[in-house]
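In what follows, a single structure is set out as structure tokens and then discussed.
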Amino acid sequence: MFTTFGLITPMTAGIILVIALVIFGPGKLPDLGKALGKGIREFKSATDGDDKPEAKEVKEVKTVKIEKE
């Protein structure tokens, strides 16, 4: 009837989602998802042997005001 992905069936995933919604509320779920994704990304980079820290390059932007006469 349902396709299983490992040990989690769609029914189990739905129940877990409802419980998380009740415990944390709808406002905190996106933040929890971002934190979970960041943790998984860091874990994958650590297990792959990437010793480089993920640093975003910041470029300085200067604004120039041009006045017309």
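The values are calculated or read from the model by the stated rules, or taken from the named source; none is laboratory data. Keep in mind the model is a prediction, meaning the values are calculated, not measured. Glycine gets a Cβ as well: all are built from the backbone with ideal geometry, and neighbour counts include every protein chain shown.
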- [ ] Would you tally the residues in the stretch 38-62 being of a type in the set (Val, Ile, Thr) and modelled with pLDDT under 75?
- [x] 2
TODO: Show the residue pairs that are 6+ apart or on different chains and have beta-carbon atoms under 7 Å apart, the first residue being within the stretch 29-51 and surrounded by 10 or more Cβ atoms within 10 Å (Cβ to Cβ), the second being assigned to a helix (DSSP H, G or I).
DONE: LEU29/ALA20; LEU29/LEU21; LEU32/PHE24
